[in-house]
Each structure stands twice: as C-alpha cells, then as structure tokens.
Amino acid sequence: MDSVLSPLDLTAREAPEGPVAIARPHRVHAAATWFRENFPGDVFYAVKANPSEWVLDALWAAGIRGFDVASDTEAALIARKFPDAQIAFMHPVKSRRAIARAFHDYGVKTFALDSEDELEKILAETNGAKDLTLVVRFAVSGDGAAYPLTRKFGVTAEEAPSLLRKVRQSSEEMLGVSFHVGSQCMRTDAFRNAMDMVNRVIVNAGVVVDIVDVGGGFPAIYPGMTPPPMMDYVNAIKNGFEEMFVAQNAKLWAEPGRALVAEAGSTVTRVELRKGDALYLNDGAFGTLFDATHLNWAFPAKLLRQEPSRAKLAPFRLYGPTCDSMDAAAGPFMLPADIQEGDLIEIGSLGAYGTAMGTRFNGFGETVTIESKDSPWPSMYGEVSSVVAMPKRKRAPKKQR
Ligand SMILES: Cc1ncc(COP(=O)(O)O)c(C=O)c1O
C-alpha cells in the first residue's frame, strides 16, 4: 500500500532514470476545503498552476467547481473531465480560434479582456452572444509580489472607464472587473489597494459591476518567504469588497493557483555528481525546478536515505541535467554536508508551477508521478475555521447600459 511507503521507498521501488514527482492529493483537498470554507465568494482554480489529473480530481472532490483556463486546450481538459464545471477563460489575449472553440465546443461564456480589440474579437467569435460574462482586467501594482505580473496585461485607470462602458453596452448579462496583484503576493494590502483603485475607476465610469474578481496571487510558504496568515488576505479582500460601489448582489471571485497546489507536490531528484558545494541533479530549470532556477527562489530540501545522515547541514547550489547554463539554482539549499553521488533529495512545495513547467529540452524531463499520503512541508492551512459571512454591500452608482 502506498500509504505506508515513504517517498524514498516509493522512488526506490520505481527506480526511474529521471526525477519522481510526489503527488499529495490530500494537501490539495485541505487547501481547497480551506478556500471553500473561508473565502466569501466563488473560487476558480487557475489550471495553469498544475493541470495534473490527480490535482483536478482532488479539487473536484473538495467541491471546487470553478476553473480559470488560459487556453482552449485547458478549457477542453476541464469540459471533458467535468461537464458541469464553470469555466472562465481569463487570459486577456486569446486567438480567435481559441475563443470560438471555448464558446462553441466547450460552453465557455466567461471571458477576460483588457482592450476594445479583444472585445470585438470575443463578440465576433461568439456571434454577438448576449449571455456572456465579460471581465475587464485592470493593470495594478505588483509591489507586494515575489513574482510581479505587471508588464504584460491590464487596462490602465485612465483607459478603463471607456472600456468598461463599451463592455457594459455589449453584454446583457454580467460585467466583471479583475486584476492580478502578482504571484506569491506577500502583502495583504496589495489586494486592498487594487480594489480601492478599481473602485475609484468604477465610480468614475458610472457603470454597474456584477463581479469583482481578485485574481490569483495567494501565497505559499517557501524558505525566506513566510506570508501572513491566509485569513488576513481573506479579511483584506472582504473589507475591500464591502467598500466597493458595485451591484447590490455583486459576486466576489478569486482565481488561486499556487495557493491551492504548492504544498501538494514535491520532486525526488538524484545527485549525479558533486563538485564542492555544487550538486548536479537529474532535474532542473527545464523540469520541475522552474521557480528555483528562473526566479532564484529557495525551496525546502531534504536528503532521503534509509540511514539518516548525522552530518551538519551546509548550503548547496544545484545544477540541472541539461547543457544550458541557466539550468542552475543558487538556493542555497540546506543539506547534510556528506551528500554524495547517488543520493536522493526531496525538494518540497513544488506543486505549483513545478511539473506544469517541464519540457523535454536536451532529451530530459521524463517524470514519474507517485502518490504519497504524508505531509512533510510547512502548511498555510491549519484547522479549517468557521465560514465567513458574505460582505454587506454599498449602493451601486446609477445604472448605465
Ligand atoms: C489570470 C490569472 N489568474 C490566476 C493566476 C494564478 O496565479 P497564482 O498562481 O499566483 O495564484 C494567474 C497566474 O499567472 C493568471 O494569469
């Protein structure tokens, strides 16, 4: 039974050439349950963070019914797997074919946009459908985020009023506003500040907004990055929502990716060579260690040996298996000083943007997935607390269609 085998035993049993992705569906379930019970709105899982079947199954089992997709391929995955899911296509720039497929083939009615040209594309490819939910994505500060997402998407506060009015006139159904405070957001006031800014624009535009979507950015715990409690984020968002001049029955949405899955995955990787404080591994930048290498984040690491090492911990750099010199993680990763060729290392908190980022560059990247029932890494989710009441509403500005 897998439940009694450790990641070391499981890896030894499979003995693969490449790395082993450890899947912990019970951690996805715990995070999803926490969000369902504490976030006072609808949760749309950002599929890009980890589209693995075991993740999707665990989310569904925990009651998550909303999925934020970035492509028609992700829409197809969710629509085929969960015909009753609510799918929101939240990428602000989509190909015409992707819009058409999402709408006609997979029943997607919710689309994000940040320009008039994208609005025209959505209306054209959905044959001017009147029952769309159109969500205007705002550019907001990424100051609080370890990985800001500011440069690429979002309408500015200056341009937003005219776009909001145009969208309001195009859709008979729902108008939403959204933003992304950046991934791994370490400050709760980032959400509040973004909501205040969007609120000022809504009031200025004089439109009725039906949905406030606070996007992703909810954090996980990594070495050197211990965020405030998740409940503080929820409270900041709840307070911000109460202050917004939106429809009386406006809905609150969120699109967490990282926060739902980070704790649920890790990678067991083998040391192929040691050179001083540098360890050459069978996984790296083009495998599951994207954030460790490209963003230079530290991740929790532990040596897996049948006989635990008694050596002191020492800082190590990691190199991946490819010939590319970007395939390097400065860490430092704290591991026993006697680590050697053939040792297995488990690198934790890799459930988000881990296997999802893997490529087959240089012929590497084949990753075996094994399920484990343990919970060895720090968690954002303690006991599930009581349900937060739905925020009270302020009155919306005069309706404009
Ligand atoms: C539109 C959108 N929503 C949600 C997310 C998920 O963000 P996170 O994983 O930081 O929660 C992303 C990530 O890039 C995104 O682009």
Taking segment 303-357 and keeping residues over 30 Å from E53 (Cβ atoms) and among the hydroxyl-bearing types (S, T, Y) leaves S309, Y319, S325
Picked from segment 1-47 (must be aliphatic (A, V, I, L, M) and in a loop (DSSP other than H, G, I, E, B)), the residue nearest to F179 (Cα to Cα) is L5
Residue hits (segment 10-20; in contact with a Gly (Cβ under 9 Å, 6 or more places away or on another chain) and surrounded by fewer than 24 Cβ atoms within 10 Å (Cβ to Cβ)) are G18
Counting only residues in segment 76-89 that are more than 16 Å from G257 (Cβ to Cβ) and not in a loop (DSSP other than H, G, I, E, B), the one least open to solvent (accessible area, probe 1.4 Å) is identified as A76
Picking from V93, V140, V135, the residue that is hydrophobic (A, V, I, L, M, F, W, C), in contact (Cβ under 8 Å) with a residue 60 or more places away in the chain and open to solvent by 10 Å² or more (accessible area, probe 1.4 Å) would be V93
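Being open to solvent by less than 10 Å² (accessible area, probe 1.4 Å), under 16 Å from F179 (Cα atoms) and at pLDDT 95 or above is the requirement here; does G240 meet it? Spell out the reasoning first.
On the way: open to solvent by less than 10 Å² (accessible area, probe 1.4 Å): yes; under 16 Å from F179 (Cα atoms): yes; at pLDDT 95 or above: yes.
Spelling it out, G240 is indeed open to solvent by less than 10 Å² (accessible area, probe 1.4 Å), under 16 Å from F179 (Cα atoms) and at pLDDT 95 or above.
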Picked from segment 248-262 (must be in a loop (DSSP other than H, G, I, E, B) and more than 8 Å from the ligand (Cβ to nearest atom)), the residue nearest to Y147 (Cα to Cα) is A250
Within segment 326-368, the count of residues that are in a loop (DSSP other than H, G, I, E, B), more than 22 Å from the chain's Cα centre (by Cα) and not small (G, A, S) comes to 10
Given (1) open to solvent by 10 Å² or more (accessible area, probe 1.4 Å); (2) over 24 Å from K48 (Cβ atoms); (3) modelled with pLDDT of 95 or more, L175 misses just (1)
Over segment 171-189, the set of residues over 19 Å from I211 (Cα atoms) and more than 9 Å from the ligand (Cβ to nearest atom) is M186, R187, T188, D189
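For (1) open to solvent by 50 Å² or more (accessible area, probe 1.4 Å); (2) farther than 23 Å from Y222 by Cα, each residue gets a yes or a no:
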site: W297; (1), (2): no, no
site: A311; (1), (2): no, yes
site: S325; (1), (2): yes, yes
site: A329; (1), (2): no, no
site: D338; (1), (2): yes, yes
Within segment 38-53, residues more than 9 Å from the ligand (Cβ to nearest atom), open to solvent by 10 Å² or more (accessible area, probe 1.4 Å) and either within 30 Å of G287 (Cα to Cα) or outside the structural domain of A250 (by TED's automatic domain parsing) (or both) come out as V43, P51, S52, E53
State yes or no: is A70 within 12 Å of the ligand (Cβ to nearest atom), under 13 Å from the mean Cα position of the chain (by Cα), at pLDDT 95 or above and under 14 Å from A112 (Cβ atoms)?
yes
Of the residues in segment 211-247, those that are in contact with an Asp or Glu (Cβ under 8 Å, 6 or more places away or on another chain), within 16 Å of the ligand (Cβ to nearest atom) and either part of a strand (DSSP E or B) or among the charged types (D, E, K, R) (or both) number 1
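The values are calculated or read from the model by the stated rules, or taken from the named source; none is laboratory data. All of these numbers come straight from a predicted model, not from anything done at the bench. Because the Cβ atoms are built from the backbone with ideal geometry, glycine has one as well, and the counts that use them run over all protein chains shown. Accessible surface is based on the protein model in full, side chains and every heavy atom, while ligands, DNA and RNA are left aside. Shrake-Rupley method; radii C 1.70, N 1.55, O 1.52, S 1.80 Å.
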